[in-house]
Protein chains: 2
Amino acid sequence: MILGIDIGGTTSKLGLVRDGKVIARERISTTGHADDHAFADALARTAQGLIAAQTTATLRSVGIGAPNANQLTGIIEMAPNLPWKHDVPLARMMSDRLGVPATLGNDANAAALGEWRYGAGQGIDDLLVVTLGTGVGSGFIVNGRLVLGSAGNAGELGHTILIPGGRDCTCGRKGCLEAYVSIRGMIATYAELGGTEGATDVKTVAQRAHAGDAAAIECFKRTTEWLAIGLANAVCATGPKRIVLFGGIARNGELLMAPLRERFHATLLNIYKGRVDLTVSALEDDDAALLGAAALGTL
Amino acid sequence: MILGIDIGGTTSKLGLVRDGKVIARERISTTGHADDHAFADALARTAQGLIAAQTTATLRSVGIGAPNANQLTGIIEMAPNLPWKHDVPLARMMSDRLGVPATLGNDANAAALGEWRYGAGQGIDDLLVVTLGTGVGSGFIVNGRLVLGSAGNAGELGHTILIPGGRDCTCGRKGCLEAYVSIRGMIATYAELGGTEGATDVKTVAQRAHAGDAAAIECFKRTTEWLAIGLANAVCATGPKRIVLFGGIARNGELLMAPLRERFHATLLNIYKGRVDLTVSALEDDDAALLGAAALGTL
């Protein structure tokens, strides 16, 4: 049995995972703790409650997914969206408190491992998982191993430059893929296309597209085209056998995935055609982050 | 002692490599043979002559670098620039003739392995090697292992799309990095900028830049900017510790490398700054391809 912990900006989730299923879960607030040690204490207390209720299995390890987490060091590095404005060595802090090994990794890498161990990427040792949400994250698996990079920060597909000199990105540069195909990017595209009333989420844009709103339809069309290029470029790097898309945007099947598949295969370099497929995460929303975090614990 | 064979469009080179040095070399024509078997016979005869002259070492393996070579299958797949318009299983053909294991790989991957084993990438287990020539090739090394991809064709950085809808590329698509920063790309840029008399090689453009030709200077400036983006994007995939550039273009130090280093570090995503360096191949021209091919033989 593995404990998966998913650290979010407001809520942190804990789940016990056994045989690829979440068998018990709990959540606590990420905010409102005196400091990072008090937060780790609260996580450990909650975890011990979950563990004590399991009489037939013992805890083997802990996996923790968090934004700005460096897997090589086990440290959350000054995460802008978390309460602590300093480095937090959460892997060691949880390992000390729970008495088993703990592995910390960034949330996109956790998602990639989750899909590889438990989801749509099972058995695929050359895999790319792309998370489409507020930002765009990614995790590359090569030869059956997560690519961490020399400094533990590989897999930033969202910050590959798609349009040189293009839109401002939150990273301070211009034209990143994330500035176009994230939630924020899609809202910006819809506004640029003159969406008559501002939409603040992708669901609204999708509803309007279904209702025939030309700007909303065009917004999905352009998002599809941009994402196809970003994914085709990623294929040129590591030559994956499968790409799994994860996150709310990817669930807009007939608006996004059907045309995306067509555009992706049309955009691919010839030698990759027919050798890489594109699919959507098969994991349930509530479980995906926990399974991903737990997968870190299996490393 | 390893035999390295570098298959080119007109000439194929053979070299015996020992302790990271080419100790004997020979070359034969790639063209003018009755068929691929006759070519393999000629290679084997030449190799046996080289081997027979070495009295203190025996041949352990053969490494062969070739365009359009698939390392997973050992086959040269219908290479447009070679005489045989069908698949040539050259790894097996040479192994049969020389009685030792033979490994075939594409020339950019061979270059990457050569830099990793014998050149500017020694000891760097997360490495990217980019070859700048008629085309743009690349080889990614991750966790001390060459990335082949699920179908043996990873590492096509030259065919990542830099400018969506941009210049026609030889691959049939538009806007690839290779269409901008290869020899062909630089000549096209120079022509677009109104270079008064057409230049047919980069050396001429470089000479004109040195002489103060504004179009030639601007051509190098744009090439630098484009290549910086292409390399910064590649870093986002695998997070290498070092990038090694290889090929004639990279040797234009003050025109290309000095400004490129500045633009590359300026373009890098924040989290990679100071964590990846950019350097030029330290291998001698005549030896690089042979050492790269030989490095394939060490796998």
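Read-outs: derived from the displayed coordinates by stated rules, not from any lab. Keep in mind the model is a prediction, meaning the values are calculated, not measured. All Cβ positions, glycine included, derive from the backbone under ideal geometry; neighbour counts span all protein chains shown.
Miscellaneous remarks
- Chain B, closest residue to the rotation axis toward A, by beta-carbon, whole angstrom: B:Ala237, 2
- Dipole in debye (nearest 20) - chain A, about Cα centre, beta carbon charges: Lys, Arg +1; Asp, Glu -1: 460
- CD proxy at 222 nm, helix term only [per DSSP H run n ≥ 4: -39500 (n - 2.57); per residue of the protein assembly as shown; nearest 500]: -11000 deg cm²/dmol
- Dipole orientation for chain A: of the candidates A:Cys236, A:Ile163, A:Ala294, A:Cys236 has the Cα lying most toward the positive pole (charges on Cβ; Lys, Arg +1; Asp, Glu -1).
- Ascending list, in nanometres, of distances separating the B:Arg275 label from those of the other copies (7 Å, Cα toward Cβ): 3.0
- For B:Glu192, inter-copy label distances in nm, listed shortest first [label point 7 Å out on the Cα-Cβ vector]: 2.0
- Translational diffusion coefficient (Stokes-Einstein; Kirkwood radius from C-alpha pairs) of the range B:143-196 at 10 °C, 1.306 mPa s, in µm²/s: 127
- With 29 Å as the limit, the listed pairs A:Lys203/A:Lys273; A:Lys13/A:Lys174; A:Lys13/B:Lys273; A:Lys241/B:Lys273; A:Lys221/B:Lys273; A:Lys21/A:Lys241 have A:Lys203/A:Lys273; A:Lys13/A:Lys174; A:Lys13/B:Lys273; A:Lys241/B:Lys273; A:Lys221/B:Lys273 beyond it between alpha carbons.
- The protein assembly as shown: C-alpha gyration tensor shape, a/c 1.5 cut-off, then a/b vs b/c: prolate
- Neighbour counts of C-beta atoms inside 10 Å place B:Thr189, B:Thr196 in the sequence B:Thr196, B:Thr189, starting with the fewest.
- Crossing angle, helix A:258-267 versus chain A [Cα axis fit, 0-90 degrees, rounded to tens]: 80
- Residues A:Thr56, A:Thr131 arranged by fewest to most Cβ contacts within 10 Å: A:Thr56, A:Thr131
- Inter-copy label distances for B:Thr31: 7.1 nm (label point placed 7 Å from Cα along Cα→Cβ; shortest first).
- Other residues lying with their Cβ under 15 Å from the Cβ of A:Ala38 contribute a combined charge of -2, Lys and Arg counting +1, Asp and Glu -1.
- Here is the P(r) of the range A:122-282: all C-alpha pair distances, binned every 5 Å from 0, give 2, 9, 19, 22, 21, 15, 8, 4, 1, 0 in whole percents.
- Protection proxy ranking for A:144-153, A:280-289, using the average of other Cβ atoms within 10 Å per residue and placing the highest first: A:144-153, A:280-289.
- Distance in nm between pseudo-label sites at A:Glu197 and A:Glu26 (7 Å out along the Cβ direction from Cα): 4.4
- A Stokes-Einstein calculation at 4 °C with viscosity 1.567 mPa s, built on the Kirkwood radius of the range A:193-299 over Cα pairs, returns a diffusion coefficient of 84 µm²/s.
- Angle of helix A:36-52 to the longest C-alpha principal axis of chain A, folded into 0 to 90 degrees and rounded to 10: 80°.
- When Rg and the Kirkwood radius Rh are both evaluated on Cα atoms of the range A:2-111, their ratio Rg/Rh stands at 0.94.
- Tilt relative to chain A, helix A:183-192 - C-alpha long axis, 0 to 90 degrees, to 10: 20
- Counted over chain B with a bin width of 10 Å, the fraction of Cα pairs per bin, in whole percents, is 6, 28, 33, 23, 10, 1.
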